[in-house]
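Q: Pasting in a structure now, in structure tokens, and then I'll have a few things to ask.
Quick note: the coordinates plus some simple rules give every number you see, no bench work behind them. From a predicted model like this one, the values you see are computed outputs, not experimental measurements. Every residue, glycine as well, gets a Cβ built from its backbone with ideal geometry; the counts of neighbours run over all protein chains shown.
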Amino acid sequence: MAYRLEVSEATVFRIIETMKEMQAPICYDLERQSYIYTHQTQFKCGFYVEELNLIDKRNLSGGFAFNNLSQLLEF
């Protein structure tokens with residue numbers, strides 16, 4: 001896989017660990033000597049737009065500055 005992706009083996013292992021951290025149903029199959037998905041899986045990659053709630057907006061803008069920014073935008 002590392003050869004096909006033109007990356008090091010260490011990079012492949014880091015990718016697999018990241019996938020596991022993201023709850024991907026992946027494990028090593030001794031019989032196939034390869035990593036496999038243990039369940040049917042969908043993978044989405046891209047940018048997604050979603051409406052933020054007030055707390056998320058406040059956290060995104062750095063906390064208290066949100067109130068000032070919000071008031072300026074209403075002006």
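Q: Lys57 versus (1) in a strand (DSSP E or B); (2) touching a helix residue (DSSP H, G or I) at 6+ places or on another chain (Cβ under 8 Å): which is the lone unmet condition?
A: (1)
Q: Hey, another quick one. Tally the residues that are exposed (fewer than 10 other Cβ atoms within 10 Å of the Cβ), in a loop (DSSP other than H, G, I, E, B) and not hydrophobic (A, V, I, L, M, F, W, C), restricting the search to region 1-48.
A: Count: 11.
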